[in-house]
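The values are calculated or read from the model by the stated rules, or taken from the named source; none is laboratory data. From a predicted model like this one, the values you see are computed outputs, not experimental measurements. A quick note on method: Cβ atoms are made from the backbone with ideal geometry, for glycine too, and the neighbour counts reach across all protein chains shown. When the accessible area is computed, the model is the full protein with side chains, heavy atoms only, and any ligands, DNA or RNA have been set aside. Shrake-Rupley method; radii C 1.70, N 1.55, O 1.52, S 1.80 Å.
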Amino acid sequence: MFSAHKVDDTRTVDTIAETYSRSGTLIDPHTAVAVAAARAEAGASQDSTPIIALACAHPSKFPDVVERATGLRPALPATLSDILERRERLAVLPNDLDAVTRFIRAHTRRSGNF
């Protein structure tokens, strides 16, 4: 019912490079693991069911790895160009399910507090 694959760092970097070479698309390391696992599964399976690998992050989140793989350093998208200057917002909650549930309920869009 389920299959699992492991992908090491070398295969991850190689997958980033291969994907860019084949398609001109830069992918991040997490997406590269999904793509490499999908390719391994497709190669190991006699089934012709399509496999979908979802992109998990923007390549600019991991510029050093993407640059090592492709020679290109991905730029931040324009909408994130000021991300390092933005105010960080966080809430520290106790390790308690009821507290987390109350927080989520109090801060959902429906309550108008989000």
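So here's what we get for this one:
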{"item": "Largest-first ordering by accessible area, 1.4 Å probe, given options Thr79, Thr31, Thr49", "result": "Thr79, Thr49, Thr31"}
{"item": "Of (1) 7.0; (2) 7.7; (3) 11.5, the label for mean projected area of the Cα convex hull in nm² derived from the coordinates", "result": "(3)"}
{"item": "Solvent-accessible area of Leu97 with every protein chain in place, 1.4 Å probe, in Å² to the nearest 10", "result": "130 Å²"}
{"item": "Max mean-square fluctuation residue, GNM over the chain, Cα-Cα springs under 10 Å, options Val35, Val13, Val100", "result": "Val100"}
{"item": "Heavy-atom surface of the chain, accessible at 1.4 Å and reported per residue (Å²)", "result": "80 Å²"}
{"item": "Candidates Pro63, Pro74, Pro94, ranked by Gaussian network fluctuation over the chain, Cα under 10 Å, top entry", "result": "Pro94"}
{"item": "Sulfur and carbon atoms: percent of accessible area, the chain [1.4 Å]", "result": "54 percent"}
{"item": "Cβ charges +1 (Lys, Arg) and -1 (Asp, Glu), total dipole of the chain, debye", "result": "500 debye"}
{"item": "Accessible heavy-atom area order of Ser3, Ser60, highest first, probe of 1.4 Å", "result": "Ser3, Ser60"}
{"item": "Helix-only mean residue ellipticity at 222 nm for the chain, each DSSP H run of n ≥ 4 adding -39500 (n - 2.57), per residue, nearest 500", "result": "-13500 deg cm²/dmol"}
{"item": "Area of Asp8 that stays accessible when all protein chains are in place (1.4 Å probe, Å², to 10)", "result": "90 Å²"}
{"item": "Sequence of Phe62, Phe103, Phe2 from largest to smallest accessible area, 1.4 Å probe", "result": "Phe2, Phe103, Phe62"}
{"item": "Listed residues Thr25, Thr15, Thr70, most fluctuating in the chain (Gaussian network, C-alpha, under 10 Å)", "result": "Thr25"}
{"item": "Mean separation of Cα contacts under 8 Å, 6 or more apart, over the residue count of the stretch 22-64: relative contact order %", "result": "58 percent"}
